[in-house]
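Enquirer: What follows is a structure written as structure tokens; I'll ask about it next.
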Amino acid sequence: MSKPALSWKEWGRLDAVALAELVRTRQVSAAETVAQAVEAARLLEPQLGAVLETFDDITSAPSADGANPDGALWGVPLFIKDLGSTIGGRLAENGSALNKDKRSARTDPLIANLHRAGLISVGRSTTAELGMTYDTTTTYRGLKVTRNPWNPDYTPGGSSGGSAALVAAGVTPLAHSTDGAGSTRIPASLTGLIGLKVSRGRLPLPWSFNEYGNATIGEGTFSRTVRDTAAFLDAAASDYPAGNSFVSGKSPTHTFASALQRAPGKLRIALSTGAWGRATACHADIAARTREVAAALQELGHEVEEIDDSIITDWDRFWPSFRTFWLGMRPAMWGLPYEDGIPPELLEQLAPMTRKFWLNAQRYDKRDVLRHQAGNNAHALRLGEFFGKYDALLAPAFAIPAPKANGPFSLANDRDFDAYINELLDAGRYAIPASEAGLPAISLPAGKDANGIPVGVQLYAKWFEEARLLQLATQLEAARPHWFNTTPPVHVGTRD
């Protein structure tokens, strides 16, 4: 491209709200912001491996996919994760040979909401195959390893690792994500970003499924500032078509952006870095970072109480139930058009661990599904009781420091499956319950680990209290600004 409209340093630091203001005041055009985002992605792709494609036709026609020039976020580019909501006519492969070269027939409601707000989709970001792990390595088009901009030897997490890497590296201020067991909050944690998982029913799901089939999945974004997260949520929640999903019937009386202007008041916050029913302890450095955030919240006037994690829910019942879902039910929800399962020749094209997920799922039957549904109800009731006593829960986002890229959680590995699953659940223990119960939770940056990779913490709240989480995040952003909007070594700002 010709000289970019903005310096790379400025581009990499601007958040979405500020960039939209530059477009609104005609200091830059939407065509220029799209072109700069596409060029940023091209420049960093050799180091990040985070992009599947850019929509180069959008550079000459920013509204081609429906982006609204009158929207509040007009001109802000974002990448769409290759899993979850899709754009009509664009590829939607879910990181898998099962969907290779498949195109979406219809734009999903969430993306339509984002486009109506003026956001411009500029490409697809990488995902773990079918969203099944905390690493983003795919094999269906040859080995592709997505890497962390803080150190390319490490993973940015998964399954939304591509979107996280792009936002952390300054390519775009926002990127789309999904979260079914921490797939937004864990990559946010490992890349120094803000990642919000909304309440079940807050945002519309793709036309192709609803919460009857998959109660854990939600969609969201990565951002570098809290106000961007609020602006994205206002855009994403602007319309909820009847019939495609559970409708919450609970609309905010104010915008999420306006909620940031109000303090949450003094809150009672529970703190836990415990085992949460798993066999291994939280890594000591991660627990220490979480306690630093607890101290910051106390300085802000909140009451923080360290609790025995046995009061959160019945972990002895929770983990077998969730394991039934993740291993026995989730593979059956991959949207396959095959009545008799995956044809053998196609099964062989899956990554080794993905193939083991499918084969393992055949051991489960309808009785297991019913037991999971009963367990899910019991967990949600216990968590409801817990949030009758506490306004929020503070915990780590991930129980271990960042793993290596294409490392222990990669689906390209060919490990013992039970060992793999136990390690996966141990590491994700703090993220999974919010997905299972449909609670809102937000991951926030809290410094770095001994390897120089970011560490995130997580705040839970009761159902539909995203505004409270955003208010707490705003307080922490103001009190500890050095934790937020940080610049990793792999970043567009180094291009000037």
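Enquirer: Go ahead and run the numbers for FRET between residue 42 and residue 212, Cβ-Cβ distance against an R0 of 45 Å, rounding to 0.05.
Expert: Calculated value: 0.65.
Enquirer: With label points built 7 Å along Cα→Cβ from the Cα atoms of residue 389 and residue 496, find their separation and express it in nm.
Expert: With each label point 7 Å from Cα toward Cβ, the separation is 5.2 nm.
Enquirer: Can you tell me which of 165-173, 428-436 comes out highest on packing, and rank the rest after it, using the mean Cβ neighbours within 10 Å? Each step should come with its number before you reach the end.
Expert: Values: 165-173: 31.6, 428-436: 26.9.
Output ranking for 165-173, 428-436: 165-173, 428-436.
Enquirer: Next question. Return the Rg/Rh ratio of region 71-122 with Cα-based radii and a Kirkwood Rh.
Expert: So for region 71-122, dividing Rg by the Kirkwood Rh gives 1.02.
Enquirer: Kindly work out what percent of the DSSP beta bridges joining two residues of region 63-150 are antiparallel, to the nearest 5.
Expert: 35
Enquirer: At residue 103 and residue 482, where each label point lies 7 Å from the Cα along Cα→Cβ, what is the point-to-point distance in nanometres?
Expert: Distance between the two pseudo-spin positions: 5.2 nm.
Enquirer: What relative contact order, as a whole-number percentage, does the chain give when Cα pairs under 8 Å and 6 or more residues apart are counted?
Expert: 20
Enquirer: Apply the Karplus curve 6.51 cos²θ - 1.76 cosθ + 1.60, θ = phi - 60°, to the phi angles in region 363-373 and return the couplings in whole Hz, x for Gly and Pro.
Expert: Result, rounded to whole Hz: 7, 9, 9, 5, 5, 5, 4, 5, 5, 4, 4.
Enquirer: Quick one: Debye curve from the alpha-carbon atoms of the chain only, equal weights, vacuum; give me log10 I(q)/I(0) at q = 0.12 Å⁻¹ to two decimals.
Expert: Result of the Debye calculation: -1.02.
Enquirer: How do 7, 121 line up, fewest other C-beta atoms within 10 Å first?
Expert: 7, 121
Enquirer: Mind listing which GluC sites (Glu not before Pro) in region 339-395 are in a DSSP loop and have 11 or fewer other Cβ atoms within 10 Å?
Expert: Those satisfying the criteria are 339, 348.
Enquirer: Additional query: Please work out the FRET efficiency for the pair residue 3 and residue 284, using the Cβ-Cβ distance as r and a Förster radius of 35 Å; give the result to the nearest 0.05.
Expert: Calculated value: 0.10.
Enquirer: Taking neighbour Cβ counts within 10 Å as the exposure measure, how do 222, 318, 464 sort from fewest upward?
Expert: 464, 318, 222
Enquirer: So between residue 239 and residue 370, what do we pick up on full extension, going 0.36 nm a residue minus the alpha carbon distance?
Expert: Result for the pair: 43.9 nm of gain on full extension.
Enquirer: Test of understanding: ordering 379, 176 by Cβ neighbours within 10 Å, fewest first, what list do you get?
Expert: 379, 176
Enquirer: Right, another one. At a 10 angstrom cut-off on C-beta neighbours, averaged per residue, how do the peptides 22-31, 403-412 rank from highest to lowest?
Expert: Values: 22-31: 14.8, 403-412: 21.5.
Ranking, from highest mean packing down: 403-412, 22-31.
Enquirer: Still on this structure, please answer the following. Please find the FRET efficiency linking residue 25 to residue 254, where r is the Cβ-Cβ separation and R0 is fixed at 30 Å, and quote it to the nearest 0.05.
Expert: E between residue 25 and residue 254, to the nearest 0.05, is 0.70.
We did not get these values from a lab; they are worked out from the coordinates using the rules stated. Because the structure is predicted, anything quoted here is derived from the model rather than measured. Heads up, the Cβs are rebuilt from the backbone with ideal geometry, glycines too, and the neighbour counts pull from every protein chain shown.
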